[in-house]
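What follows is a set of notes on a single structure, which appears directly below.
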Amino acid sequence: MGDNYGTVKVAAVQAASVFLDREGSTEKACRLIREAGRNGARVIGFPEGFIPAHPVWYHHHAATGAIANRLAVDLFKNSVEIPGPEIDALCEAAREVNAYVVMGVCEKIPNTTGTMFNTQVYIGPDGRLIRKHQKIMPTVGERLVHMGGFGDTFGAFDTEFGPMSGLICGENSNPLAVFALVAEGTRIHVMSWPNHFPTSGDPLRNRVAVDSQAFAQMSKAFVISACGTVDDHMIEMLKAGPEGEKFLRDPNCCGGSVIVAPNSRIIAGPMGPEEGILYADCDLDIGIQMKLRHDFAGHYNRPDIFHLQVNRAAPSLYSVHGVDQQAALSAGPMAQLAGEKAKLGAPGDSDKRAEEPPGE
């Protein structure tokens, strides 16, 4: 009979956050998870920073101005701790509908004030927190509020459909990050995107289509691109001025969620600026067909010429000697950064597919 790879129904959620409202955004996310799950989706992807919002105000306001500072403080106050009550609610919703969920959040480390990460949370159909991925390099205005993640949260994770992965916004065009996930055998990849790009750049939907099809071509994986969108409440809170409001109300500025097959064909979408859920049935055999042509982590590459090394270690900024590990973690907030890997079971602890650097 041979192996059976099967078909999986996936969903890209395109929606607006309840802007800078952690509890409201979590409630909305859980409702959308349940809706997508009731409609048969087994993998559900969400936009970047969906809980509680993405710091798009830096496209419209001076970085050190009063409005940007106030919104940044509100972002921290509404950011998510992992684990925490918001994660518990998301896990319960995923368990109820037996679906894998990739959720974009703004994360803060417990007992700290000021440090945030742009994070994807990976949740299993059993309601278990699988892991998280912290965006490696914040993009443009994000750098004012987000710290970059390390290799301990990077990588594909195992699912019943084979390896699955996720990246956030600009990471999806990072050639080394893309190749690393190709080498880890990803079959389904979730891209999380914001609700709009800077006013001086191309529309979000253009970049999403290009990166989604390019990733599918290189990886031979299915790509779920979940974009945010805007609503009247967000526009009012941003106070972007007449020109900014005109831009935000332009239907071409936001949205554009797509689902792409391993042959680089768009099989669902692109969506317009509206809220909604995009669905597609993904026949995993297509990935086999395409990899028989180009397997960039196998027969269609040259390991004698090219080699990529991934560092799974997270550097430690603060350590305490002469006490046990638990005492060290309780000694101060920044010590918790070093403890994150152990608490969540980072890929470097059990995933042997990526080679550790010499001396690690």
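Could you tell me the distance between the Cα centroids of region 39-117 and region 285-312, to the nearest Å?
33
Size of the dipole of the chain about the Cα centre, Lys and Arg at +1 and Asp and Glu at -1 on the beta carbon, nothing else charged, in debye to 20?
Around 320 debye, computed over the chain.
Go through 4-16, 285-297 and give me the packing order, highest mean Cβ count within 10 Å leading.
Ranked by mean Cβ neighbours within 10 Å, highest first: 4-16, 285-297.
Dipole size in debye (nearest 20) for region 197-313 around its Cα centre, Lys and Arg Cβ +1, Asp and Glu Cβ -1?
Here region 197-313 has a charge dipole of around 580 debye.
Using the beta-carbon distance between ARG265 and ALA313 and R0 = 41 Å, what value does 1/(1 + (r/R0)^6) give for FRET efficiency, to the nearest 0.05?
0.60
Mind ranking 185-194, 160-169, 302-311 by how tightly packed they are, going by the mean number of other C-beta atoms within 10 angstrom, highest first?
Put in order of decreasing packing, that is 185-194, 160-169, 302-311.
Determine, from the Cβ-Cβ distance of GLU23 and LYS239 and an R0 of 25 Å, the FRET efficiency 1/(1 + (r/R0)^6), rounded to the nearest 0.05.
Rounded to the nearest 0.05, the efficiency is 0.65.
Can you tell me how much longer the chain between ARG293 and ARG38 gets when fully stretched, taken as 0.36 nm per residue apart minus their C-alpha distance, in nm with one decimal?
Value of the extension gain: 88.2 nm.
Could you work out how far the C-alpha centroid of region 126-166 sits from that of region 193-260, in angstrom?
With region 126-166 and region 193-260 each reduced to a Cα centre, they are spaced 20 Å.
Taking only C-alpha pairs under 8 Å that are 6+ residues apart, what is the relative contact order of the chain in percent?
Numbers: 806 pairs, mean separation 66.8, N = 360.
Relative CO of the chain lands at 19 percent.
Of ILE267, ASN39, LEU278, whose Cα points farthest to the positive end of the dipole of the chain (charges on the beta-carbon: +1 Lys, Arg; -1 Asp, Glu; origin at the Cα centre)?
ILE267
Are there trypsin sites (Lys or Arg not before Pro) in region 123-164 that DSSP puts in a loop and that have at most 12 other Cβ atoms within 10 Å, and which ones?
Loop-located and lightly packed - ARG128.
Exceeding 30 Å between C-alpha atoms, which entries from my cross-link table qualify? They are LYS9/LYS291; LYS220/LYS246; LYS77/LYS239; LYS108/LYS291.
Listed pairs above 30 Å: LYS220/LYS246; LYS108/LYS291.
Calculate the dipole size of region 1-71 relative to its Cα centre from +1 charges on Lys and Arg beta carbons and -1 charges on Asp and Glu beta carbons; express the result in debye to the nearest 20.
Values: 8 positive and 6 negative charges, 32 e Å.
Around 160 debye, computed over region 1-71.
Carbon-plus-sulfur fraction of the accessible area of the chain, 1.4 Å probe, in percent?
So the carbon and sulfur contribution to the accessible surface is 53 percent.
Positive end of the charge dipole of region 237-294 (Lys, Arg +1 and Asp, Glu -1 on Cβ, about the Cα centre): tell me which of GLY255, ILE288, PRO242 has its Cα farthest that way.
Farthest along the dipole direction, towards plus: ILE288.
Round to the nearest 0.05 the FRET efficiency obtained for ARG70 and ASP250 when R0 = 22 Å and r is the Cβ-Cβ distance.
Numbers: r = 26 Å, r/R0 = 1.16.
Computed FRET efficiency for ARG70 and ASP250: 0.30.
So how exposed is LEU32, as accessible area in Å² (1.4 Å probe, rounded to 10)?
Its accessible surface works out to 20 Å², give or take rounding.
Once the piece of chain linking THR112 and ALA62 is laid out straight, how much longer is it, given 0.36 nm per residue of separation minus the C-alpha distance between them?
Contour length minus the Cα-Cα distance gives 15.5 nm.
What full-extension length gain, to one decimal in nm, is calculated for THR7 and LEU176 as 0.36 nm per residue of separation minus the Cα-Cα distance?
On the way: separation 169, 0.36 × 169 = 60.84 nm, distance 2.89 nm.
So the extension gain works out to 57.9 nm.
The values are calculated or read from the model by the stated rules, or taken from the named source; none is laboratory data. Note that the coordinates shown come from a computational prediction; the quantities given were computed from them, not determined experimentally. Cβ coordinates were reconstructed from backbone atoms using ideal geometry, including for glycine residues, and neighbour counts include every protein chain displayed. Quick note on the areas: whole protein, heavy atoms, side chains included, nothing else; ligands and nucleic acids left out. Shrake-Rupley method; radii C 1.70, N 1.55, O 1.52, S 1.80 Å.
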